[in-house]
Amino acid sequence: MNIEKEQIKDDEIILAIETSCDETAAAVIQGGSSILSNVVASQIESHQRFGGVVPELASRHHTENITWVVEEALTDAGVIFADLDAVAVTAGPGLVGALLVGVNAAKAIAFAHGLPLLPVHHIAGHIQAARLERPWHYPALALVVSGGHTELVLLKDEGEYEVIGQTRDDAAGEAYDKVARSLNLSYPGGPQIDKLAREGETIIPFPIAWLEEGSYDFSFSGLKSAVINKLHNAKQKGEVFRKEDVAASFQRSVIEVLTEKTKRAAAQYGVKQVVVVGGVAANKGLRQSMKDIFSNTEVELTIPPLALCTDNAAMIGAAAHIQWKKNIQADWNLNGKADLALF
Ligand code: KG4
Ligand code: ZN
């Protein structure tokens, strides 16, 4: 549907839908920063017994949950379909079968109610969770750390994303989850390692992958293998390590490379704001380390609350606001794309 330029108001009401992984989520956002509702149906319990997300199971759960999650989001917000100005949906990246459930629900609602359809990139969504907290100051730098992503993204202006660094193998959250599994902790392991790390000492010298000089890329698979090998060798030799010390030592290696590269990039690009988002942004050690680095500087540090860091639809509505203002819409051919690029 075409909206005339002069019709574009900035207190629009958007229904946003997110189904890229294992959370079925819908939210109603006004003007890109006001959360009228934010509903998340987590599937963690269903996937826990398999030690990770099972794509087919995720799609089935999304199909079962999407209708009531959208209804609840509208009810919580106190709005009806007729009050909406647009429908936004995560179009990728993510699990393709999972994405398709959200994309088709959004298309159906947009078509039935004659509303514009706004396609949102999942990482742009994670990054824009920050605008639900406070307004942006450009240039800004976003560290996106989740189960599927580890990226340093430069924002020169509104909605202009430039990926300056990314993981070459495992994502930070993925490394947490795999190390947790080798310590016999349940999925998702990040929060448990974070907790154990606070009770342990950093006495095991695990490697840190700095990569080439000046590179803002990351690599966590070597660290993950080092932890698994250490535990394996110790078992064979009858050595015993405290889980707390393994967690603390592993976490130190992850946090050091994340914070140091963020600090260097912030200085190189002269950014006014640093934003840390994604599930791993819940990590207490990472939050503290970022605060230590930026607290006495000119750089404003924004780390949204946990509920906005892990997958949710409020962040999708926040990102959709930029597309709404620029009148960037999808047509009825919109499809879920597992490897959608940020540009
Ligand atoms: O953003 P998210 O909810 O989903 C993805 O888009 O991936 O992130 C989930 C990831 C999981 O790998 C989980 O272990 C990790 O975030 N995570 C943590 C913590 N809380 C969640 N990692 C480290 N410390 C935490 N406190
Ligand atoms: Zn995510």
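What percentage of the solvent-accessible surface of the chain, computed with a 1.4 Å probe over protein heavy atoms, is contributed by carbon and sulfur atoms?
On the way: 7500 of 14890 Å².
Roughly 50 percent, rounded to a whole number.
Which FRET efficiency value, to the nearest 0.05, is calculated for Ile8 and Glu56 with the Förster distance at 25 angstrom and r the Cβ-Cβ distance?
Working: r = 40 Å, r/R0 = 1.61.
About 0.05, to the nearest 0.05.
Give the lysines reachable from Lys325 as a straight Cα distance under 19 Å; neighbours fewer than 8 places away on the same chain don't count.
Lys5, Lys9, Lys156
Roll a 1.4 Å probe over the protein chains and send me the accessible area per residue for segment 136-303 in Å².
Values: 7620 Å² over 168 residues.
Heavy-atom accessible area per residue stands at 45 Å².
Among Lys178, Lys237, Lys325, which one shows the biggest mean-square fluctuation in a GNM of the chain, springs joining Cα atoms closer than 10 Å?
So, out of Lys178, Lys237, Lys325, the one fluctuating most is Lys237.
Evaluate segment 136-303: find the radius of gyration of its Cα atoms, find its Kirkwood radius, and give the ratio Rg to Rh.
Numbers: Rg = 16.2 Å, Rh = 16.3 Å.
So for segment 136-303, dividing Rg by the Kirkwood Rh gives 1.00.
When the distances between all Cα atoms of the chain are binned every 20 Å from zero, what whole-number percent does each bin get?
32, 55, 13, 0
How much accessible surface does Lys230 have with a 1.4 Å probe, in Å² rounded to 10?
In the full protein context, Lys230 sits at about 80 Å².
Restrict the search to segment 167-264; then list the GluC sites (Glu not before Pro) that DSSP places in a loop and that have at most 16 other Cβ atoms within 10 Å of their Cβ. All intermediate terms of the calculation are to be shown ahead of the outcome.
Numbers: sites: Glu174, Glu199, Glu201, Glu212, Glu213, Glu239, Glu244, Glu256, Glu260; in loops: Glu199, Glu201, Glu212, Glu213, Glu239.
Sites meeting the loop and neighbour criteria: Glu199, Glu201, Glu212, Glu213, Glu239.
Considering only DSSP beta bridges where both residues belong to the chain, give the percentage that are antiparallel (nearest 5). Display every interim value, and only then the final one.
Working: 25 of 43 bridges.
Counting only bridges with both partners in the chain, antiparallel ones make up about 60 percent.
Which helices, taking whole DSSP H runs in the chain, have alpha carbons extending 20 angstrom or more along the helix axis plus mean Kyte-Doolittle at least 0.5? Don't skip to the end; give the middle numbers.
Working: long enough: 55-77 (31 Å, -0.50); 96-113 (25 Å, 1.49); 221-237 (24 Å, -0.67); 243-268 (38 Å, -0.46).
Helices passing the filter in the chain: 96-113.
The values are calculated or read from the model by the stated rules, or taken from the named source; none is laboratory data. Being a predicted model, the structure only gives us computed values, none of them experimental. Please note: Cβ atoms are built from the backbone with ideal geometry, for glycine as well, and neighbour counts cover all protein chains shown. For accessibility, only protein heavy atoms count, side chains too; no ligands or nucleic acids. Shrake-Rupley method; radii C 1.70, N 1.55, O 1.52, S 1.80 Å.
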